[in-house]
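Structure first, then comments.
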Amino acid sequence: MLLSDYRPKSQLVTRTTRIERPRYPVIDAHNHLGESFGGGWNSKPLSQLLDVLDEAGVVEYFDLDGGWGEQILHEHLDYFKSRAPERFHIFGGVNWTQWGNLGEKFPEWAASRLRIQQQHGAEGLKIWKAFGLSVQDQEQELVSVDDPRLAILWETAGELSLPVIIHVADPVAFFQPQDQFNERLEELEMHPDWAFLSPPFPSFISILEGLASLVAQHQNTIFIGAHVGCYAENLAWVSSLLERCPNFYVDISARIGELGRQPYSARKFFLQHADRILFGSDMGPDLEAYRIIYRFLETDDEYFSYDPQEKPRQGRWNIYGIHLPADVLEKVYFTNAKNILPKERKNEQKNGDRNFVGPVG
Ligand SMILES: [Zn+2]
């Protein structure tokens, strides 16, 4: 038998709690509606999508697909936002390929596009993991995430109260050799293009240090580190950045596999940073995917699959629920995401509400 065919079945007899609906209404702060995720929801009746979200208890949904370009941003604003404005928040993006054509003028141009995207209805900025890996300037040099030339872009996002959801690097294992020690070897063999062996790519930790310095330099801008601050394998690292920078938040999308295999540390992390963690799925509007995340957050069930199809896609382990208290659940499910949306932040600033946990200074 090949090792890849070996799928041992656990004989543990433990409780299975099925959470049909979350304890509080949910804002999904990291997800997609485009063709590559969830099967192209703008080609189906909108009511079908709203039915799934209603059944899942998801009342609002951040769609990050506008980060792929202004055409898709406009398609999604027209199809989803204009017809159900309270349910959807569509994020815009930066067209990095223009750096070569515009040269020195690029950063200012990118900031001006952001203003225009907001006028059309974008409610945030999505930055995909290209920094340090593929974004190039006019000299075809790789651009690091804290490159000072881009200050105007981040400051403009802060001025417009647009939160920036930023993903840098990838799982640590994707930067390591594909050998017998790599904990995500099977996944890398299925997706060879996900490997960023360093060198030639920058090291994982140098990219993460760039993120930390970016967030610290722009304290008037809210940054949401996607996938548990891009370093779910090391919650102490993420925790220390959250402590240093009140403008930093994280979403938990696509990482319950990581969080749930370190349940003691994860639970402590949620309790300690209850005001700064956002719910997110990243699996499209998928009912079963939502229910696994609810089970992870709400129950103390033991040793269950983090994947709706029970395939260990990310690595060969199972997860444990972290049974969060009600007040923490409410913040993670709803309140934290609500507070960082531009409309809410403007209201808070007007009312001078001191409960608002946001950037200082
Ligand atoms: Zn995503």
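The values are calculated or read from the model by the stated rules, or taken from the named source; none is laboratory data. Just so we're clear, the structure is a prediction, and the values are computed from it rather than from any experiment. Glycine also receives a Cβ, built like all others from the backbone with ideal geometry; neighbour counts cover every protein chain displayed. Please note that ligands, DNA and RNA were not included when accessible areas were found on the heavy atoms of the full protein model with its side chains. Shrake-Rupley method; radii C 1.70, N 1.55, O 1.52, S 1.80 Å.
ILE207 satisfies every condition listed in (1) surrounded by 23 or more Cβ atoms within 10 Å (Cβ to Cβ); (2) under 24 Å from LEU33 (Cβ atoms); (3) out of contact with any helix residue (DSSP H, G or I) (no Cβ under 6 Å at 6 or more places or on another chain) except (2).
Beta carbons closer than 8 Å, at least 6 apart along the sequence or on distinct chains, pair a first residue in region 227-255 that is in contact (Cβ under 8 Å) with a residue 40 or more places away in the chain with a second that is within 16 Å of the ligand (Cβ to nearest atom) and aromatic (Phe, Trp, Tyr) for ASN247/PHE223; TYR249/PHE223; ASP251/PHE279; ILE252/PHE279. The residue of region 294-314 that is farthest from LEU12 (Cα to Cα), among those that are touching a Gly at 6+ places or on another chain (Cβ under 7 Å) and assigned to a loop (DSSP other than H, G, I, E, B), is GLN314.
Return yes when LEU329 is buried (at least 18 other Cβ atoms within 10 Å of the Cβ), in contact (Cβ under 8 Å) with a residue 12 or more places away in the chain and not in a loop (DSSP other than H, G, I, E, B) and no when it is not. The answer is yes for LEU329. In region 328-360, of all residues being in contact with a Gly (Cβ under 8 Å, 6 or more places away or on another chain) and not hydrophobic (A, V, I, L, M, F, W, C), the one that is modelled with the highest pLDDT corresponds to ASN339. Residues of region 236-253 that are open to solvent by 10 Å² or more (accessible area, probe 1.4 Å) and polar (S, T, N, Q): SER239, SER240.
Being closer than 19 Å to ALA254 by Cβ, among the β-branched types (Val, Ile, Thr), away from the ligand (no atom under 15 Å from the Cβ) and open to solvent by less than 10 Å² (accessible area, probe 1.4 Å) is a description that applies to VAL58. Here GLY69, GLY93 are screened, and the one residue that is open to solvent by less than 50 Å² (accessible area, probe 1.4 Å), among the small types (Gly, Ala, Ser) and in contact with a strand residue (DSSP E or B) (Cβ under 8 Å, 6 or more places away or on another chain) is GLY93. Filtering region 254-284 to residues that are within 15 Å of the ligand (Cβ to nearest atom), assigned to a loop (DSSP other than H, G, I, E, B) and open to solvent by 10 Å² or more (accessible area, probe 1.4 Å) leaves ALA254, ARG255, ASP282, MET283.
Among the residues of region 285-307, the one identified as open to solvent by 20 Å² or more (accessible area, probe 1.4 Å) and within 20 Å of ILE165 (Cβ to Cβ) is ASP286. Within region 133-153, the residues that satisfy the criterion of being open to solvent by 10 Å² or more (accessible area, probe 1.4 Å), touching a residue at least 60 places away in the same chain (Cβ under 8 Å) and in a loop (DSSP other than H, G, I, E, B) are LEU133, SER144, ASP146.
Among the residues of region 291-332, those identified as under 16 Å from GLU187 (Cβ atoms) and of a type in the set (D, E, K, R) are ASP307, GLU310, LYS311, ARG313, ARG316.
Name the residues in region 285-321 that are of a type in the set (Gly, Ala, Ser) and away from the ligand (no atom under 16 Å from the Cβ), would you? Across region 285-321, the qualifying residues are SER305, GLY315, GLY321.
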